[in-house]
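First the structure, in the form of structure tokens, and then the observations on it.
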Amino acid sequence: MRPVSRGSRGKEVLDIQTRLRGLGLEVGREGADGHFGPQTELAVRAFQQARLVLADGVVGENTWAELVEAGYQLGERLVYVRIPPMRGDDVLDLQRRLNSFGFDSGPEDGIFGALTEEALMEFQRNAGLNVDAILGESTLDRLQRVHKAELGVHGRKIPDRMGGYVGRSALEGVKIALDPGHGGTDPGHLGVEGLVEKKINLDLARTMADMLNARGAEVLLVRESDSHMGFSERAEATNRWGTEINLALHHNANSSARAHGAATYYFANGTYFSEAGKRLAGYIVKELVEGLGRTDLHTHGRNFSCLREPDGLSVMVEPGFMTHPGEGAALRRSETIEAEAEAILRGLERYLSRS
């Protein structure tokens, strides 16, 4: 979708405002008037912060998807398996309930996939209900009557994607997808000395692909050229290929030229987080810090589409800031891209050897 931001007007803005108000967020004294003003921007930022997506006040593809999904509450619609999978807070609520009752629905990501289907059928079977994998009135009634305290992130941790491990101790044979961010009409960030993020990300991905192939890994370049790809298109490509590890490659930017350092991200949505993703992200950022002398900006849990949608273990990497005079200028040299690639691969190898 076309990003909607401050100053925009029209039906798209009215729809956004209506959804925000339905979630209890104030969009201004005039209410839902179709004008994206300062109060609407504040409401969008508050929503983004609560959903752990980029809090930039702009309604892009990721934020719009979260707004739509936030509007679904458990019991408001039939929930069942379909293609593409049903998504929403009602699915997320169902997954949390099933997991807390001991029925493994997999990662609590709000996507009704195969594991959630199996867990729902097992619940229905144990409850003496019709086993149809549909969350209808009778199944919902039984779910709501089962009294058991739900467990948060500090309690028993439910199984992670792929059981929390890849099943190999080295890179050889591992199916790794490299997803360089942005492309085509979406340039990404602009940095010092004319740097454009979409090109730097692709350069890093190509360099990593060569290194991984040399180590015997199977590699998928999700974006192979300067072309635009949406979030769903990227996820579909990795899932069709059967990706085991998905690496979304980006570079950071800031309005302050002083901002610098390396950061990584793993999937989290407030109550659930990927333990394996957190471990892998930690190994990668450690190698970037030690190998390139970057400041450690740590690893963070986020509900980004590139972390949530792929079936495999997913991590997003931002090795440095394009807008920093030192880190940005260095990215014009192939040796810097190679050093970033080597550091990320060392992080991968450390994770595999310890999983």
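Within this structure, Q95 fails the test of being over 24 Å from S305 (Cβ atoms), surrounded by 16 or more Cβ atoms within 10 Å (Cβ to Cβ) and in contact with an Asp or Glu (Cβ under 8 Å, 6 or more places away or on another chain). Residue count for the range 183-220 under the criterion of being farther than 15 Å from I337 by Cβ and in contact (Cβ under 8 Å) with a residue 24 or more places away in the chain: the result is 14. For the range 79-92, residues that are surrounded by 15 or more Cβ atoms within 10 Å (Cβ to Cβ), free of Cβ contacts under 8 Å to residues at least 24 places away in the same chain and in a loop (DSSP other than H, G, I, E, B) total 1.
Listed here are the residues, each with its yes/no results for (1) outside the structural domain of S305 (by TED's automatic domain parsing); (2) under 23 Å from F273 (Cβ atoms); (3) part of a helix (DSSP H, G or I); (4) among the β-branched types (V, I, T).
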{"site": "G31", "(1), (2), (3), (4)": "yes, no, no, no"}
{"site": "A50", "(1), (2), (3), (4)": "yes, yes, yes, no"}
{"site": "E66", "(1), (2), (3), (4)": "yes, yes, yes, no"}
{"site": "R77", "(1), (2), (3), (4)": "yes, no, no, no"}
{"site": "F103", "(1), (2), (3), (4)": "yes, yes, no, no"}
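Here is the figure for the range 238-287: residues that are buried (at least 19 other Cβ atoms within 10 Å of the Cβ), of a type outside the set (A, V, I, L, M, F, W, C) and in a loop (DSSP other than H, G, I, E, B) total 9.
Among the residues of the range 96-120, those that are aliphatic (A, V, I, L, M) and closer than 13 Å to R142 by Cβ comprise L98, L120. The C-beta contact set for the range 294-311 (first residue under 19 Å from G261 (Cβ atoms) and free of Cβ contacts under 8 Å to residues at least 60 places away in the same chain, second residue assigned to a loop (DSSP other than H, G, I, E, B) and not acidic (D, E), distance under 8 angstrom, 6+ apart or interchain) comprises R294/H260; R294/G261; R294/P319; R294/G320; T295/H260; T295/G261; D296/G261; L297/G261.
Out of R332, R294, one residue alone is farther than 30 Å from E69 by Cβ, in contact with a strand residue (DSSP E or B) (Cβ under 7 Å, 6 or more places away or on another chain) and assigned to a loop (DSSP other than H, G, I, E, B). It is R294. Considering only residues in the range 169-184 that are of a type in the set (G, A, S) and part of a loop (DSSP other than H, G, I, E, B), the one that is surrounded by the most Cβ atoms within 10 Å (Cβ to Cβ) turns out to be G181.
The values are calculated or read from the model by the stated rules, or taken from the named source; none is laboratory data. Here the structure is a predicted model, which is why all the values come from computation and not from measurement. Here the Cβ is made from the backbone with ideal geometry for all residues, glycine too, and neighbour counts use every protein chain on show.
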